[in-house]
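Report on one structure; see the data block that follows.
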Amino acid sequence: CLVGYTNSGKSTTLNTLLTYSKDVKKEVFEKDMLFATLETSTRKIKLENNRQFLVTDTVGFVSKLPHELVEAFKSTLEEIKECDLILHVVDSSNEHFEEQIEATNKVLDGIGVKDIPIIYVFNKIDKHSDYFYIPPKYENAIRISSKNNINIKDLINLIQENLFKSFKTTEFIIPYSKGEIINNLKENAEVLEINYSDFITVKASVNEHLYNLYKKYEKK
C-alpha cells in the first residue's frame, strides 16, 4: 500500500512503478493538488523477472484528520491493514516533512495498523539543490523522484527484498513430456538457467505455490 500525507506524490509514484511492469498498464489520476486521490486504486505490477505484486494507492492524509473524514474513508483505510508492505511516501521538499510523517503515522496507529514493514520513500529529491539527508531514525528508507524516474529501480529492488523473502531458488529436472511445466515456470517464475540434455534442467526462483506444485521434480 502507498500511504502518505496529501500531495506527497503517491499516485505519481504508482504510475512510475507501472512503467516497469510488462503487463497491461492503466495509470491512476495524479495532480499537484490536495486530495487528488479520494478512493483506492489497485494496480498489478509484473516485473521482467516475472515477480508480481499489487500496489494500492490510498487517500492522502492531513494533520488532525477529522473523525468524520476517517469514517468516510474507513473502507479505504481498512485496506492498509491487509497489506504486506507499506510504502510511506514523503514530500522531502516540504520543510515540515517530519510533521507530515508524524501525522500519517498517527492515522495509521488510529486505524490499528501494526507489524507491517514500512519503507519510507522520500520523494521529490529533484526539488533539492543539494543532497537530501535522510534522518537515521528512518532505517528502511530511500530517496527518489517519481516525477523524474530517479532511483525507482532501487525502490523496486527494496520492494522485492521485502516481499519475496520466502522465494526459493532451486533446480528442477523436467521430462520433455512435461513441456507445460517449462512454459509455466517461464511465465510465472524467475528462470535463472535452463539446460537441455536427456531431461530439461531448470534453475529458478519460485514462490511457495510453484515450489509445492513441482517439488517432486526438484533435483536431489
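Which of (1) in contact with a helix residue (DSSP H, G or I) (Cβ under 8 Å, 6 or more places away or on another chain); (2) within 21 Å of GLY60 (Cα to Cα); (3) of a type outside the set (Gly, Ala, Ser); (4) open to solvent by 20 Å² or more (accessible area, probe 1.4 Å) does GLU98 not meet, given it meets every other one? Condition (1) is where GLU98 drops out.
Evaluate the following for ILE174: is it under 18 Å from LEU18 (Cα atoms) and either more than 14 Å from the chain's Cα centre (by Cα) or open to solvent by 70 Å² or more (accessible area, probe 1.4 Å) (or both)?
No; evaluated as a whole, the condition is false for this residue.
A search for C-beta distances below 7 Å between a residue of region 133-160 that is surrounded by 12 or more Cβ atoms within 10 Å (Cβ to Cβ) and any residue that is of a type in the set (Lys, Arg), counting only pairs 6+ apart in sequence or on different chains, returns ILE134/ARG143; SER145/LYS124; ASN151/ARG143; GLN160/ARG51.
Check GLU208, GLU193 and return the single one that is in contact with a Lys or Arg (Cβ under 7 Å, 6 or more places away or on another chain), open to solvent by 60 Å² or more (accessible area, probe 1.4 Å) and either without any contact (Cβ under 8 Å) to a residue 60 or more places away in the chain or hydrophobic (A, V, I, L, M, F, W, C) (or both). One residue alone meets the criteria, GLU193.
Give region 72-125 a look and list any residue that's assigned to a helix (DSSP H, G or I), acidic (Asp, Glu) and more than 19 Å from ILE144 (Cβ to Cβ), or say none. If you could, list the steps in order and put the result at the bottom.
First pass over region 72-125, keeping only residues assigned to a helix (DSSP H, G or I): 72, 74-82, 97-110, 125.
Still in the list and also acidic (Asp, Glu): 78-79, 82, 98-99, 102, 109.
Selection gives GLU78, GLU79, GLU82, GLU99, GLU102, ASP109.
Answer yes if at least one residue in region 154-171 is among the aromatic types (Phe, Trp, Tyr) and more than 22 Å from ARG51 (Cβ to Cβ), and no otherwise. No, the conditions are met nowhere in region 154-171.
The values are calculated or read from the model by the stated rules, or taken from the named source; none is laboratory data. Not measured: the values here are computed from a predicted model. Please note: Cβ atoms are built from the backbone with ideal geometry, for glycine as well, and neighbour counts cover all protein chains shown. Each accessible area value is taken on the protein alone, full model and side chains, heavy atoms only, with ligands, DNA and RNA left out. Shrake-Rupley method; radii C 1.70, N 1.55, O 1.52, S 1.80 Å.
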